[in-house]
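Read through the structure below, which is laid out as structure tokens, and then see the notes.
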Amino acid sequence: MKVLGIETSCDETAAAVVEDGRTVVSSVVSSQVDLHARFGGVVPELASRAHVEVLNPVVAEALVEAGVEVPDAVAATVGPGLIGALLVGVSAAKALALVWDVPFVGVNHLEGHLYASLLEDPDLELPLVVLLVSGGHTMLIEMVDHGRYRLLGQTIDDAAGEAFDKVARYLGLGYPGGPAIDKLALEGDPKAIAFPRSMLNEGYDFSFSGLKTSVVRYVKAHPAVDTADVAASFQAAVVDVLVAKARRAAFDLGAPGICLAGGVAANSLLRDALVLACKEDGRRSFVPSRAMCTDNAAMIAAAGWWRLQSDGPSPLDTPANPNLKLRVV
Ligand code: KG4
Ligand code: ZN
């Protein structure tokens, strides 16, 4: 069964064809990064308009590349995300499903991220501990079975990606901040500044807003500081906490492996640190390719296929929901 996936929740317009939830046949991503860069962040109205302009060609490219005229189902992200942006993809997906007379399935964007690892490594054994770190979310999840998730912990304030973006903005590194800090940190000393590791030994929840404030306070007090040292030390503080909690969760649950998901999972230090920690603990780590970590439609098509197997098609009046929560047990 070939599922066409459509993703327009934020600033990437993406379409992909995935077979049986496991094999990526085509995947096209059109990024709006250049459009939003000069505003220092995503401008929702501009994002919606850009989705309207490029969605049809992106879908056409994904179908042509896959050699598919009519897919067997259409999956689209229905939330969470920017409402105007979501509506573009959801409306297009419903219209296509209607004219092609194939099922429509609404997909939770976060569930899509959870499926990214399984798409690249279908033999991953469940249960898994997944560290889902993106621009809007920071969650530690136990993937008990397909479609069954247990929320172990989450951020009580800023998401990890949000902290990267805000700190980068303060340091004048531009948007998006994550990749900019990742790159600059390579030239800095991660031990130069001892930024706080918030809530390191307290449960599975995270907090990053204090860290952001510490960075601002430090730079104000030390204006001559090397920006690369600030970037490297900030990044080390974020990664230390993320890895320590994921590691502890896997230990507590006896989970055989840990995987990364979401845009921040593209971070070089986080990827290396998680692989190293798992090696030390004799656990499997799975780190998806960078393209699979950031927003794409292959993960939506895969999660859509699994949802179709478990719940069947979604009604055509399924709304886009900017605040959609991950269904947890
Ligand atoms: O998953 P994603 O593409 O979109 C959301 O669903 O939010 O994640 C975007 C986030 C942004 O905050 C971006 O700065 C961050 O992922 N990011 C990174 C890196 N690449 C993207 N953060 C740290 N290091 C990176 N290399
Ligand atoms: Zn995302």
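Structure values in brief
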quantity: The one condition in (1) at pLDDT 95 or above; (2) crowded, with 19+ Cβ neighbours inside 10 Å; (3) part of a loop (DSSP other than H, G, I, E, B) that G135 fails to fulfil; calculated: (1)
quantity: Residue check, F208 of a type in the set (F, W, Y) and in contact with a Pro (Cβ under 9 Å, 6 or more places away or on another chain); calculated: no
quantity: Residue match in segment 50-59 (condition: modelled with pLDDT of 95 or more, within 16 Å of ligand 2 (Cβ to nearest atom) and surrounded by 24 or more Cβ atoms within 10 Å (Cβ to Cβ)); calculated: yes
quantity: Residue selected from segment 151-178 under the condition more than 16 Å from ligand 2 (Cβ to nearest atom) and of a type in the set (V, I, T), by the criterion surrounded by the most Cβ atoms within 10 Å (Cβ to Cβ); calculated: V167
quantity: Qualifying residue in segment 160-181 (condition: among the charged types (D, E, K, R), away from ligand 1 (no atom under 13 Å from the Cβ) and touching a residue at least 12 places away in the same chain (Cβ under 8 Å)); calculated: no
quantity: Residue match in segment 190-202 (condition: touching a Gly at 6+ places or on another chain (Cβ under 7 Å), surrounded by fewer than 16 Cβ atoms within 10 Å (Cβ to Cβ) and more than 21 Å from C278 (Cβ to Cβ)); calculated: yes
quantity: Odd one out for A95 among (1) within 16 Å of ligand 2 (Cβ to nearest atom); (2) farther than 21 Å from V243 by Cβ; calculated: (1)
quantity: Test: residue in segment 41-57 that is hydroxyl-bearing (S, T, Y) and within 15 Å of A297 (Cβ to Cβ); calculated: no
quantity: Scan of segment 108-129 for residues that are within 13 Å of ligand 1 (Cβ to nearest atom) and of a type in the set (A, V, I, L, M, F, W, C), ordered by number; calculated: L110, L114, A116
quantity: Segment 217-266 - residue that is over 22 Å from L200 (Cβ atoms) and touching a Gly at 6+ places or on another chain (Cβ under 6 Å) and, of those, surrounded by the fewest Cβ atoms within 10 Å (Cβ to Cβ); calculated: A228
quantity: Segment 40-59 residues that are in the same structural domain as G89 (by TED's automatic domain parsing), paired with ones that are of a type in the set (D, E) (beta carbon under 7 Å, 6 or more apart); calculated: V42/D11; A47/D11
quantity: Any hit, segment 91-110, residues being touching a residue at least 40 places away in the same chain (Cβ under 8 Å) and under 30 Å from T213 (Cβ atoms); calculated: yes
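The rows are residues; the columns are (1) under 19 Å from D121 (Cβ atoms); (2) without any contact (Cβ under 8 Å) to a residue 12 or more places away in the chain; (3) within 16 Å of ligand 1 (Cβ to nearest atom).
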| position | (1), (2), (3) |
| --- | --- |
| A277 | yes, no, no |
| A291 | yes, no, yes |
| I300 | yes, no, yes |
| A303 | yes, no, yes |
| S314 | no, no, no |
| R327 | no, no, no |
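A quick yes/no check of all residues on (1) in the same structural domain as A301 (by TED's automatic domain parsing); (2) within 19 Å of G79 (Cα to Cα):
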residue: V107; (1), (2): yes, yes
residue: E120; (1), (2): no, no
residue: S134; (1), (2): no, yes
residue: G147; (1), (2): no, yes
residue: G153; (1), (2): no, no
residue: D165; (1), (2): no, no
residue: G174; (1), (2): no, no
residue: P179; (1), (2): no, no
residue: S198; (1), (2): no, no
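Yes/no matrix, rows are residues, columns are (1) within 16 Å of ligand 2 (Cβ to nearest atom); (2) closer than 22 Å to A47 by Cα; (3) under 21 Å from the mean Cα position of the chain (by Cα):
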| site | (1), (2), (3) |
| --- | --- |
| G67 | no, no, no |
| V70 | no, no, no |
| G79 | yes, yes, yes |
| I83 | yes, yes, yes |
| S91 | no, yes, no |
| V99 | no, no, no |
| Y115 | yes, no, yes |
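The values are calculated or read from the model by the stated rules, or taken from the named source; none is laboratory data. Here the structure is a predicted model, which is why all the values come from computation and not from measurement. Cβ sites come from the backbone with ideal geometry, for glycine too, and all protein chains shown count toward neighbours.
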